[in-house]
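Have a look at the structure below before the remarks.
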Amino acid sequence: MKRKVLALAACALLATASHAQTQAEKNACPADAPFLNADAVKKAGVELPVFKRYCYTDKSGSYALLLAEKQDLPFTKETLSSTIQATLFKVGSDGALTRQWSIRDFAGKDDAGINFRSKLSEFTDIDADGLIDPILVYRFFAPGDKDNFASDDFSGAIKIIAFHQGRKVVIHAITGNLDGDRSTRANAEFFALPKSVREHLVKKMARMYEAGQFGFDNSDDFMPKKAKAR
C-alpha cells in the first residue's frame with residue numbers, strides 16, 4: 001500500500017510541474033516531493049549540496065534535474081564554488097530515481113570561482129518532437145580584489161549546456177573588453193542540431209548580450225565557431 005501511495009504522490013507532484021516554461025522557476029519541483037528527500041538524493045549518488053530541483057514530463061517520462069554546487073569560495077557579495085554538478089534522473093512510477101546523465105565542472109586555476117546562472121535555465125520542447133530540451137548556463141568568474149570577484153558582463157567565461165535527444169551540446173564563450181579577447185565555440189553536436197534548436201541557442205546568447213548578462217562575441221551574429229581539436 002505504501003508503495004502505491006508513493007507512486008500516486010510522485011505522479012501528482014510531477015504533474016503540477018511538468019509543463020515546460022521559459023521561466024525555469026515554474027519547473028521547480030514541489031518542496032515536499034518524496035522522491036527528492038535528502039536520503040533519496042544521497043542514495044542516487046549526488047555528492048554536492050543541491051540548491052535547485054527542477055521537474056518536467058514529456059512523452060518519454062517524468063524527470064527531475066538537480067543542480068548542485070560545492071559553495072566553498074566565499075566572497076563579500078556572493079559565495080562561489082570550485083565544483084558544480086547537474087544530474088538528470090528519470091522518476092519511476094514508484095518514485096525511484098534512475099540517473100540519465102550527469103555533468104561536473106570545475107573552476108580553473110585562474111578563476112575566482114564558478115556557479116550556475118539558474119534563472120537562465122530552460123525546459124522547453126524547442127523543435128516540437130515531444131521531448132524537453134534542457135538548457136543550463138553556468139559562469140566562470142574572473143578574480144577581482146581580495147574580497148570580491150569581477151562580475152561585469154565583459155569578464156570571465158560562460159558555458160551553455162543543452163541536451164537534445166540525449167546528445168550533449170556545449171557552447172563555451174570567453175569575453176573581454178576588446179573584440180579580439182572574445183570568442184564563442186561549440187562542440188560538433190551543436191552543428192548537428194536541427195536548425196530550430198541552433199537558432200534558439202543563438203537567440204538566447206543575443207538576448208543575454210542585450211540584457212547585459214554576458215559579453216558574447218557578436219562578430220558573426222552570435223553564431224559559435226567550431227571548437228578547436230584537442
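Loop-only trypsin sites (Lys or Arg not before Pro) in the range 60-122, please: DSSP not H, G, I, E or B, and at most 13 other Cβ atoms within 10 Å.
On the way: sites: Lys70, Lys77, Lys90, Arg99, Arg104, Lys109, Arg117, Lys119; in loops: Lys70, Lys77, Lys109, Arg117.
In loop regions of the range 60-122 (DSSP not H, G, I, E or B), the sparsely surrounded trypsin sites (Lys or Arg not before Pro) are Lys77, Lys109.
Between beta-carbons, use under 13 Å as the cut-off and find the net charge around Asn177, counting Lys and Arg +1, Asp and Glu -1. Let's see the in-between values first.
Details: positive: Arg182; negative: Asp152, Asp153, Asp179, Asp181, Asp217.
Surrounding charge for Asn177 is -4.
Taking 8 Å as the Cα distance limit and 6 or more residues as the minimum spacing, I'd like the relative contact order of the chain as a percentage.
On the way: 480 pairs, mean separation 29.8, N = 230.
Normalised by residue count, the contact order of the chain is 13 percent.
Where Lys and Arg each count +1 and Asp and Glu each count -1, what net charge lies around Gly215 among other residues with Cβ under 10 Å from its Cβ?
Working: positive: Arg182; negative: Asp152, Asp153, Asp181, Asp217.
In short, -3.
Would you mind telling me which residue in Arg207, Arg53, Arg182 has the biggest mean-square fluctuation in a Gaussian network model of the chain, where springs connect alpha carbons within a distance under 10 angstrom?
Of the options given, Arg207 has the highest mean-square fluctuation.
Of the listed values (1) 187; (2) 127; (3) 156, identify the label whose number matches volume of the Cα convex hull per residue in Å³ calculated from this model.
For volume of the Cα convex hull per residue in Å³, the calculated option is (2).
Please give every one of the aspartates and glutamates within straight-line cross-link reach of Lys70, meaning a C-alpha to C-alpha distance under 17 Å, and leave out same-chain neighbours fewer than 8 residues apart.
Glu47, Glu78, Asp105, Asp111
Counting helices only, and only those DSSP H runs with n ≥ 4, report the 222 nm mean residue ellipticity of the chain as the sum of -39,500 (n - 2.57) divided by its residues, in deg cm²/dmol to the nearest 500. Walk me through the numbers on the way to the answer.
On the way: 4 runs with 41 residues, N = 230.
Rounded to the nearest 500, the figure is -5500 deg cm²/dmol.
Taking amide H positions as placed in the peptide plane 1.01 Å from N, state which residues far from Ala107 in sequence (5 or more) or on other chains have amide H under 5 Å from it.
For Ala107, whose amide H was placed from the backbone, the distant partners under 5 Å are Thr83.
Expressed as a whole number of Å, what is the distance separating the alpha-carbon centroids of the range 35-112 and the range 124-193?
Using only Cα atoms to place each centre, the spacing works out to 18 Å.
Could you work out which residue, out of Asn27, Asn115, Asn177, moves most in a Gaussian network model of the chain, that is, has the largest mean-square fluctuation with Cα springs under 10 Å?
Result: Asn177 has the largest fluctuation of those listed.
Hey, quick one: spin label on Lys225, modelled 7 Å out along Cα-Cβ, who in the range 179-194 has an amide N within reach, i.e. under 19 Å?
179-192
Identify which of Gly113, Gly95, Gly45 has the largest mean-square fluctuation in a Gaussian network model of the chain, with springs joining Cα atoms closer than 10 Å.
Fluctuation is largest for Gly45.
Can you work out ³J(HN,Hα) from phi for every residue in the range 202-215, in order, using Karplus 6.51 cos²θ - 1.76 cosθ + 1.60 and θ = phi - 60°, giving whole Hz and x for Gly and Pro?
Along the range 202-215, the couplings run 5, 5, 4, 5, 4, 5, 4, 4, 5, 7, x, 8, 5, x Hz.
Counting other C-beta atoms within 10 Å, which of Cys55, Cys29 has the fewest, and how do the rest follow? Don't skip to the answer; put the middle values down first.
Details: Cys55 25, Cys29 21.
Placing the least packed residue first, the sequence is Cys29, Cys55.
Since every read-out is calculated from the coordinates, none of them should be taken as a lab result. Since the model is a prediction, treat every value here as computed from it, not as a measurement. Positions of Cβ are backbone-derived with ideal geometry, glycine not excepted, and every protein chain shown enters the neighbour counts.
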